[in-house]
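The values are calculated or read from the model by the stated rules, or taken from the named source; none is laboratory data. Note that the coordinates shown come from a computational prediction; the quantities given were computed from them, not determined experimentally. A quick note on method: Cβ atoms are made from the backbone with ideal geometry, for glycine too, and the neighbour counts reach across all protein chains shown. Quick note on the areas: whole protein, heavy atoms, side chains included, nothing else; ligands and nucleic acids left out. Shrake-Rupley method; radii C 1.70, N 1.55, O 1.52, S 1.80 Å.
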Amino acid sequence: MKEQLNLLIVLIVLMTSMIGCSKSCSTENSGERPNIILINIDDMGWRDVGFMGSEYYETPNLDALAAEGMIFTNAYASASNCAPSRANMMSGQWPQRHGIYTVGSSERGKSSTRKLIPVKNNQYIPQDNILIPEVLKKAGYLTCHSGKWHLNDDPKTKGFDVNIGGNHSGGPGSYYPPYKRVPSLIAPSDDYYLTNLIMDKTLDFLNSVKDQAFFLYYSPYAVHTPIQPYKELLAKYENKPEWNGQNNAKYATMVENLDTQIGRMITNLKESGQLENTFILFISDNGGVYKITKQWPLRSGKGAYYEGGIREPMFAYWKGKIPAGTKSETPISNLDFYPTILEVAGVSKPVDKVLDGQSILPLLTNQSEMDTRPLYWHFPIYLQAYVKNDTTTFDPLFRTRPGSAIRYGDWKLIQYFEYNDIELYNLKEDLSEQNNLAKSNPEKAKELLELLDKWRKNTDAPVPTELNPDYILN
């Protein structure tokens with residue numbers, strides 16, 4: 001009798017445990033999981049939106065959504081141009097783990113001005129590198145890619161059930177029909193804007209979802225070049241006063257129209273009731289193009305590893321989970337998105353998968369602060385300058401030369417490999433990176449260099465050393 005009673009108690013405990021897990025863990029019931037939307041804008045700078053302070057670009061829908069969540073003032077892309085940034089974010093790994101360092105060839109600029117032979121660039125994400133959508137699809141999520149992909153020829157080979165316009169192209173070629181590098185999308189009329197069509201089809205996907213949790217990677221080609229205005233808005237910005245160096249009317253129409261399209265998506269989610277259970281991350285893949293838009297006081301823009309090239313507009317939204325109207329100054333990276341998304345979904349990372357970021361969910365939900373940690377960048381390549389004699393970059397010829405960078409606390413150090421040039425900045429006191437403290441504060445420079453060198457060794461980061469026979473000393 002006593003043994004039967006003990007068995008009954010054990011069964012009751014097990015049943016209670018299973019019921020509790022079904023309610024709180026929900027790892028096997030996709031219907032209870034949150035929807036997840038990752039919004040990754042192309043070439044949008046840190047101050048190209050209202051919620052980051054712009055008084056020229058108008059982004060009311062993004063501003064309203066950001067105000068309902070947590071805004072990050074120190075959010076970073078893990079690379080300063082699109083292909084490596086996207087590869088890092090989707091794989092959760094630094095570029096030395098997958099080999100994508102830039103777009104196209106790593107030998108950018110004239111050979112006679114490159115002292116070193118740069119590391120060869122991998123233009124395709126390795127097939128065995130498991131990306132975010134692959135993990136979520138396996139866990140029962142319905143997955144949709146919308147817009148720019150850039151990591152291989154077909155996002156459906158890397159975990160997406162639906163592909164809207166994604167291929168290996170870095171830009172559309174045209175926002176008006178025919179969409180040169182996006183041939184899979186057919187315009188309904190002769191002047192139908194690409195950004196609008198991508199959202200049309202994104203809404204078709206959202207409207208098709210019933211009871212299954214979904215992952216949407218919304219990555220519009222906008223606001224990448226070519227700078228082609230959304231015509232209905234052009235007169236408005238041509239008559240608008242410049243603000244803080246921002247004055248490109250054509251680009252401004254692209255920004256506002258993009259905001260309008262995102263507003264359509266948010267309205268659709270509200271009306272369907274889906275927004276109540278949707279986690280949203282918003283970021284840009286790299287800094288704004290300096291000749292098109294300014295991010296003052298940040299130095300330089302896309303392609304450079306100064307703040308203007310890597311610091312991004314970013315917020316997170318999750319109703320009832322992330323406190324509205326909050327702001328964080330904690331430095332975070334798009335490398336953190338992979339582990340964050342998995343934690344939100346209640347999904348474990350793949351076995352043996354190395355993740356180089358960490359989940360920011362405890363920070364988002366005010367459960368705990370994050371410990372101060374170093375953020376790293378590695379770019380063993382050359383990237384030519386957009387504008388001749390651009391004094392915001394490392395030199396007039398290159399937006400960047402081969403090197404690495406680290407931010408740790410308020411301090412940032414950049415090391416260039418050609419001549420071991422060192423730049424050290426205190427971002428709290430010198431956000432515009434104008435005062436190089438490498439010589440006046442050798443102790444801090446040494447500390448960060450040692451961390452940087454140890455990190456490169458631990459991650460097998462390749463450092464170019466072979467001299468280029470075509471190099472001509474200027």
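Structure summary
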{"read-out": "Dimensionless Rg over Rh [the range 30-92; C-alpha; Kirkwood]", "value": "1.02"}
{"read-out": "Unit charges on C-beta of K, R, D, E only; dipole of the range 218-318, Debye", "value": "320 debye"}
{"read-out": "Of Ser105, Ala304, Met70, farthest towards positive along the dipole that unit charges on Lys, Arg, Asp, Glu beta carbons give the chain", "value": "Ser105"}
{"read-out": "Three-way shape label, the range 334-429, alpha-carbon gyration tensor, a/c 1.5", "value": "prolate"}
{"read-out": "Over the range 397-474: Rg over Rh, Cα atoms, Kirkwood Rh", "value": "1.00"}
{"read-out": "The range 162-275, accessible area per residue, ligands and nucleic acids excluded (1.4 Å, Å²)", "value": "41 Å²"}
{"read-out": "Amide hydrogen neighbours beyond the local backbone of Phe279, cut-off 5 Å, H modeled", "value": "Asn35, Ile36, Ile37"}
{"read-out": "Rg ratio (alpha-carbon, reference 2.2 N^0.38 Å) - the chain", "value": "1.02"}
{"read-out": "Over 23 Å between alpha carbons, listed pairs Lys115/Lys412; Lys201/Lys353; Lys137/Lys353; Lys138/Lys353; Lys349/Lys457", "value": "Lys115/Lys412; Lys201/Lys353; Lys349/Lys457"}
{"read-out": "Exposure rank, largest accessible area first [Asp204, Asp42, Asp371; 1.4 Å]", "value": "Asp371, Asp204, Asp42"}
{"read-out": "Residue-averaged [θ]222 nm for the chain, counting only DSSP H segments that reach four residues, each worth -39500 (n - 2.57)", "value": "-8000 deg cm²/dmol"}
{"read-out": "Surrounding net charge for Pro133, when Lys and Arg each add one and Asp and Glu each subtract one, Cβ distance under 13 Å", "value": "+2"}
{"read-out": "Point-to-point label distance, Trp243-Asp430, nm (Cα→Cβ direction, 7 Å offset)", "value": "3.0 nm"}
{"read-out": "Set of aspartates and glutamates near Lys446 by C-alpha distance (under 17 Å), chain-local residues within fewer than 8 positions excluded", "value": "Asp410, Asp421, Glu423"}
{"read-out": "Distance from the range 425-474 to the range 314-356 (C-alpha centre basis), Å", "value": "29 Å"}
{"read-out": "Alpha-carbon centroids, the range 265-299 and the range 130-168: separation in whole Å", "value": "19 Å"}
{"read-out": "By average C-beta atoms within 10 angstrom, highest first, the peptides 454-467, 263-276", "value": "263-276, 454-467"}
{"read-out": "The range 337-424 - charge dipole about Cα centre, Lys and Arg +1 at Cβ, Asp and Glu -1, debye rounded to 20", "value": "200 debye"}
{"read-out": "Dimensionless Rg ratio for the range 51-120, taking C-alpha atoms and the 2.2 N^0.38 Å reference", "value": "1.59"}
{"read-out": "Cα-centred dipole magnitude for the range 101-154, charges only on beta-carbon of K, R (+1) and D, E (-1), debye, nearest 20", "value": "380 debye"}
{"read-out": "The range 89-218 - Kirkwood radius from inverse mean 1/r over Cα pairs (Å)", "value": "16.5 Å"}
{"read-out": "Mean Cβ count within 10 Å, highest first, over the residues of peptides 168-181, 136-149, 236-249", "value": "136-149, 168-181, 236-249"}
{"read-out": "Antiparallel content of DSSP bridges confined to the chain, in %, to 5", "value": "55 percent"}
{"read-out": "Highest average packing first - 51-59, 390-398, Cβ atoms within 10 Å", "value": "51-59, 390-398"}
{"read-out": "Unit charges at the beta carbon, dipole of the chain: most positive-side option, Trp318, Tyr124, Asn277", "value": "Tyr124"}
{"read-out": "Percent breakdown of C-alpha pair distances by 5 Å bin, ordered from the shortest bin, for the range 37-157", "value": "2, 9, 16, 17, 16, 15, 12, 8, 3, 1, 0"}
{"read-out": "Percentage relative contact order, the chain, counting C-alpha pairs under 8 Å, at least six apart", "value": "23 percent"}
{"read-out": "Neighbourhood net charge (12 Å Cβ-Cβ; Lys/Arg +1, Asp/Glu -1) for Gly99", "value": "+1"}
{"read-out": "Portion, in percent, of the accessible area of the chain that falls on carbon or sulfur, probe 1.4 Å", "value": "51 percent"}
